[in-house]
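Presented below is the structure to which this report refers.
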C-alpha cells in the first residue's frame, strides 16, 4: 500500500512540475507586434487615385464624375490597408520558438482620429517564428461623407488624395486591433485594444 501511495505522490509531483513548467513557458510567450505598412488600390467612386496628387491628374471624364459627388452627398472609397504582423518568439530574441496563428482579429479603422468602420478577418492567419513579418491585407470600404460631412467637398477630396494618392500619408490612419492568437500553449485573447500606427510596431 505504501508503495502504491509513493507512486501516486511521484505522479502528482511530476504533473505539478510539468504544469508549472508549462505555465512558465506560456508566460514567456511574447505578444505579436503590429504595424500599418501601406495602403494599396485606393479608389474613390470606383476611380483609382493611385499615384495622383490632385484632380487635375485624372482624366476629364473621371474628374467630371467626381464633381457629381457634391450633389450626391456620398463619398464612397475602397482600399486595401496592409497590416504587418511580427512574431518575436523566434527562439533568439525570446526564450521560446513558437509559431502563432491569429484566429480572430477584431479591428476598428480610425481616420484623422475619427472612428469609422470595423470588421474581422475571414480565415486564420499563421505568423511563423521566423523573424519575418507577415502582411495581412484588410479590405476597407466606407463612405467618407458619413463621417466627415462637415468638411465639404474640397476637404474630402484632399483627404482621399492624402490617403490614396501619390504621397500616401499613413499618419492620418490608425487601426485598433484586438487579436485572439493560438499558440502551442493554447489560445490567448488580448485583454484590451491595441492602437496600431505606421511608424513602429505596437503590441
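The values are calculated or read from the model by the stated rules, or taken from the named source; none is laboratory data. If you're wondering where the values come from, they're calculated on a predicted model, not measured in any experiment. Methodologically, a virtual Cβ is constructed for each residue, glycine included, from the backbone with ideal geometry; neighbour enumeration extends over all protein chains shown.
Observations on the model:
- Any hit, segment 56-78, residues being surrounded by 14 or more Cβ atoms within 10 Å (Cβ to Cβ), under 30 Å from residue 127 (Cα atoms) and within 22 Å of the chain's Cα centre (by Cα): yes
- For segment 79-111, filtering for residues that are free of Cβ contacts under 8 Å to residues at least 40 places away in the same chain and under 18 Å from residue 176 (Cα atoms) leaves 0.
- From 171, 187, residue being farther than 13 Å from residue 55 by Cβ, without any contact (Cβ under 8 Å) to a residue 40 or more places away in the chain and either in the same structural domain as residue 101 (by TED's automatic domain parsing) or not in a helix (DSSP H, G or I) (or both): 171
- Checked against the criteria, residue 117 counts as farther than 22 Å from residue 63 by Cα and at pLDDT 95 or above.
- Any hit, segment 131-141, residues being within 17 Å of the chain's Cα centre (by Cα) and part of a loop (DSSP other than H, G, I, E, B): yes
- When we screen 77, 70 for residues that are in a strand (DSSP E or B), within 30 Å of residue 148 (Cβ to Cβ) and touching a helix residue (DSSP H, G or I) at 6+ places or on another chain (Cβ under 7 Å), the only hit is 77.
- From the options 61, 56, 21, residue that is modelled with pLDDT under 85 and not in a strand (DSSP E or B): 21
- Every residue from segment 112-158 that is free of Cβ contacts under 8 Å to residues at least 24 places away in the same chain and closer than 15 Å to residue 102 by Cβ: 119, 120, 121, 122, 123
- Test result for residue 41, modelled with pLDDT of 95 or more, more than 25 Å from residue 193 (Cβ to Cβ) and in the same structural domain as residue 158 (by TED's automatic domain parsing): yes
The rows are residues; the columns are (1) surrounded by fewer than 16 Cβ atoms within 10 Å (Cβ to Cβ); (2) modelled with pLDDT of 85 or more; (3) within 30 Å of residue 57 (Cβ to Cβ); (4) touching a helix residue (DSSP H, G or I) at 6+ places or on another chain (Cβ under 6 Å).
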| site | (1), (2), (3), (4) |
| --- | --- |
| 165 | no, yes, yes, no |
| 177 | no, yes, no, no |
| 184 | yes, no, no, no |
| 187 | yes, no, no, no |
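- On inspection, residue 173 qualifies as surrounded by 15 or more Cβ atoms within 10 Å (Cβ to Cβ), within 23 Å of residue 47 (Cα to Cα) and in contact with a strand residue (DSSP E or B) (Cβ under 8 Å, 6 or more places away or on another chain).
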